[in-house]
1. Quickly run through region 33-68 and pick out the residues that are loosely packed, with under 13 Cβ neighbours inside 10 Å and not basic (Lys, Arg).
2. I need the strands (runs of 3 or more DSSP E) fully contained in region 69-169, keeping only those with at least 3 residues that are at pLDDT 95 or above and open to solvent by less than 60 Å² (accessible area, probe 1.4 Å).
3. Would you mind telling me which numbered condition in (1) farther than 22 Å from Ser8 by Cβ; (2) surrounded by fewer than 21 Cβ atoms within 10 Å (Cβ to Cβ) Lys30 fails?
Amino acid sequence: EMTTSMGSIVIELYPENAPQTVDNFVQNVKAGHYNGTIFHRVMPGFMIQGGGFTSDMQEKPTPRPALKNEAGNGLRNAPGMLAMARTSDPHSAKAQFFINVAENPALDFRAPTREGYGYTVFGKVLKGMDVVQRIVKVPTGTRPPHSDVPLKPVVIERARLLDAPTTQK
């Protein structure tokens, strides 16, 4: 569960599809990495991205190594699906993630090449899509070198693990 300054988002994780990615995310939650980070990139019709910057746009250090891309796991970048953010290097994801607010097939795995790897989907919003929809509508601007930054920070106040019943994808 992510408690944000705009409400709570409950996420189901899929370790059977993306074991290393889920383990990394869980370890970051346990270490308190996401507490106090923001959704620093908000793009209507695309996604909201967070987990890497503080409200003053300072990147939060991530002690864990970059992940091997697990995007070829059968999950798609569809509305409500959680995926790892990365650089142009397919194997560079560490802590930042995004929640898709639209169908984003261009982000899905196509081939094990630099251009075709895609972005690893590893979870789904179970509750709080209304919160995600409110976040994606906040006014944004530029805080060089970053664009699409909410003018008023949307803070992840706390991330914690819940014991959840097994559900269907």
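1. Hits for region 33-68 are Gly45, Asp56, Gln58, Glu59, Pro61, Pro63, Pro65.
2. 81-84, 97-100, 121-127, 146-150, 155-159
3. All conditions pass for Lys30, except number (1).
The values are calculated or read from the model by the stated rules, or taken from the named source; none is laboratory data. Just so we're clear, the structure is a prediction, and the values are computed from it rather than from any experiment. Please note: Cβ atoms are built from the backbone with ideal geometry, for glycine as well, and neighbour counts cover all protein chains shown. With ligands, DNA and RNA removed, areas are computed over all heavy atoms of the protein, side chains included. Shrake-Rupley method; radii C 1.70, N 1.55, O 1.52, S 1.80 Å.
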